[in-house]
2 protein chains.
Amino acid sequence: MSSSNTTTEDYTTVDQQISSFLSDCLSDADCTQLELQLTQFVSCHYHQRPIALVTSGGTAADLEVNSVRCLDNFSTGLRGAISVEEFLKRGYAVVHLWRRGSASPFGRVLCQEILQQPAQDGLHVDSLGKLFAGGDEDDEEALVQQVLDQQDPWLTDPNNNNNNNDTAANNAHTMNRNDHHHSIALHRHVLYSTKLQTALQERATALKEQRLLTIPFRSIEEYLAKLKLASTALQESKSLALVYLAAAVSDYYIPQHEKSQHKIQSDSGSITLHLRPVPKTMGLLRDAWAPDAFCVSFKLETDSNILRKKAERAVQKYNCHLVIGNLLHTRYQKVSILAPPELGNHTTDVTEWPMHEVVKPHPQQQQDSLESAIIDFVVQSHFEFISNSGYQQQ
Amino acid sequence: MSSSNTTTEDYTTVDQQISSFLSDCLSDADCTQLELQLTQFVSCHYHQRPIALVTSGGTAADLEVNSVRCLDNFSTGLRGAISVEEFLKRGYAVVHLWRRGSASPFGRVLCQEILQQPAQDGLHVDSLGKLFAGGDEDDEEALVQQVLDQQDPWLTDPNNNNNNNDTAANNAHTMNRNDHHHSIALHRHVLYSTKLQTALQERATALKEQRLLTIPFRSIEEYLAKLKLASTALQESKSLALVYLAAAVSDYYIPQHEKSQHKIQSDSGSITLHLRPVPKTMGLLRDAWAPDAFCVSFKLETDSNILRKKAERAVQKYNCHLVIGNLLHTRYQKVSILAPPELGNHTTDVTEWPMHEVVKPHPQQQQDSLESAIIDFVVQSHFEFISNSGYQQQ
């Protein structure tokens, strides 16, 4: 399958650029190591279960070689992080190409649900008060605890239990209690949180079954280089592989040889930056890196007509299987997915494809419920695609 | 006191720019609210104790009005966050002008010391395993727990204790144990961490005494506007006030009317960005906003001769009281502080001021020990300054 609008020559140029990104950001040893890790991960799963490559977060375009300043694409990475959880829930193995420091699967549950802070933020000075007992939000518990300590209503303290004459047990228990006073306790909101418990269990299951591989990146060059390695590793899985491109990828960057070597000096008034377009890799991904994989891309616009046109173009130019369209102001409530009339059958003219609207079941719910509905649609389409592709265990 | 190189006309222009930043990023009501908060905070402390305004983290220069892309100054905010803790330890009240999402005081202890991750990162997928019992790093404990559960060597289970005939207590205890199985437990590394315990205690003390006020910012405009509000509020504290400018402030930005209204479209190949110099506010801060405060600024360079020259200029041009100089490659091991020969007496010619080298006591220690030594020096200088300034309780 070859995309109509792109020549082999274009591909060669882009591929060379990606190779140079790779050698700039990874030593040969690290590159070999990562390739090995990916191959092992994919081959451990490829006849067992579908495998998703999910990208998330923004990419940084550095202005300097010894970088202090960068051009950043703002993205919390939350959509991607929740999607990883949703794919894992549905039995997929997941390679997560993750912007370092952006929202993480499972970790974001603690940040969002419990600490009520943005999922990509570090623990701030208030979060500790929400995380640990005795914090500023915990006066009530401290009070209850004080009463309990004084009255010991469950008679759990052996010193209050006249029937207990086992001195060794007494000592051990007392030691234990004293010891407990020197330890740190969780805030009760955390201690009994069902959401956190579920997240910890799902995380433990996924890790035990070795179904999650996280590959961190920071710069745009690192992202593209690792996208190539990861998607190429998926080739083995044929149509069982799914590529879910939720990262906010920079359109512009400064090529290595045009970057300032050191921190740009500020003595000289205004400065002018010339930014180059980032090499377009979607064609290569679809035609060369992972040609048999099911490919889902994203578009964000402010006008629904432009959104439809851009989504169609992603299908025409790159043969994307689904395009998830977001309008800036409604994207947390609904998305429009451009998909073929019969799921899995991508031969119809794209201008006749319907837009499927996926809406958050209840407007007041968390974003999870929208992502869950989207992944339901995506997984169904992927399975139709697998059955149409004639995938067979070899 | 008026800086020799800057005219009143310059100040008026810069002050107008800062006022427009303020009205762009805060509604009138929010501005009044913040001013009130600051005034109350300062007046609650100003005859009781010294007060430090600490800035930390990088500033974002947005390219678009509805911002998706920004130019960012990379800074973890760690130096500022640790400095806030160090000032609080020494009895200061602290106004912390904090880049949202950068390292936070106390919060960074959990991230760094316990989870072994960058202090400004959100909780990532691995951190949960380090935070909670039963995580992937906790096999050893699970094993020990299993043995304990089976053998009950401390005879803590009343069902195994033949001497115990109190059925109510039995039931209560059993209920308690079952209940415990549904709750989330901390990883033992966290449970008994002395560093975390100390951080939690110090944090609780500072909050109880209302000695910490955090003011978050994101963009360069927001930073400068809030710096003006915060430093102006410090005026009341006269020489008891200290301004500690540890934030990495962008030198360039795009003024509001030159920003693209919407997301810059990527169809048109390369783009060129014209960046303007950020208004220099140090002169205003020293002469108008907080003229009586002790002022500490930072310089980062790669060459020690340039560093000395730039530090001298900060003293000559803006009458900074101390300049903390960092060389890029040694900044985590030592800093050079440009200070007058007699602390607190700033009348000598700056070219005769010595550079005091402050070195981390033990190279293997955490950054805390370097910051602690720096703050020792700064606080000593500040107290000499206070006694020379003839500060008296009114």
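Bear in mind that the values in this text are calculations on the coordinates, not laboratory data. Not measured: the values here are computed from a predicted model. Neighbour counts run over all protein chains shown; Cβ positions are idealised from the backbone, glycine included.
Return the FRET efficiency for the residue pair A:R313, B:D30: r is the Cβ-Cβ distance, R0 is 45 Å, and the value is rounded to the nearest 0.05.
0.60
According to the square roots a ≥ b ≥ c of the eigenvalues of the Cα gyration tensor, what is the shape class of the range B:90-129, taking rounded for a/c under 1.5, prolate for a/b larger than b/c otherwise, and oblate for the remainder?
oblate
Once the Cα gyration tensor of the range B:263-323 is diagonalised, what are the square roots of 5 times its eigenvalues, in whole Å and ordered largest first, as equivalent ellipsoid semi-axes?
Value: 34, 18, 8 Å, ordered largest first.
Measuring nothing but label to label, 7 Å from Cα along Cα→Cβ, what are B:Q33's distances to the other copies in nm, shortest first?
Spacings between copies for this position, smallest first, are 4.8 nm.
Hey, got a sec? Which GluC sites (Glu not before Pro) in the range A:336-367 land in a DSSP loop and have at most 11 other Cβ atoms within 10 Å?
A:E342
Over the alpha-carbon set of the range B:308-394, work out the extent along each principal axis and list the three values in angstrom, largest first.
Result for the range B:308-394: principal-axis Cα extents of 45, 32, 17 Å.
For the residues B:V125, B:V109, what sequence is obtained by ranking on other C-beta atoms within 10 Å, fewest first?
Taking fewest neighbouring Cβ atoms as first place, the list is B:V125, B:V109.
Quick check on the exposure proxy: order A:H274, A:H356, A:H321 from fewest to most C-beta atoms within 10 angstrom.
Starting with the residue having the fewest Cβ neighbours, the order is A:H274, A:H356, A:H321.
If you count the DSSP beta bridges with both ends in the range B:259-384, what percent of them are antiparallel, to the nearest 5?
Rounded to the nearest five, the antiparallel share is 55 percent.
Based only on other Cβ atoms within 10 Å, what is the fewest-to-most ordering of A:H45, B:H382?
Final ranking by Cβ density, sparse to dense: A:H45, B:H382.
Need the C-alpha centroid separation for the range B:46-114 versus the range B:200-242, integer Å.
10 Å
Using a label point 7 angstrom from Cα along Cα-to-C-beta, what distances in nm, from shortest up, separate A:Q256 from the other copies?
Here the equivalent label points are 4.2 nm apart from this one.
Anything over 23 Å Cα to Cα? Flag those among A:K238/A:K334; A:K89/A:K208; B:K226/B:K280; A:K228/A:K299; A:K89/A:K238; A:K228/B:K130, in the order listed.
From A:K238/A:K334; A:K89/A:K208; B:K226/B:K280; A:K228/A:K299; A:K89/A:K238; A:K228/B:K130, over 23 Å: A:K238/A:K334; A:K228/B:K130.
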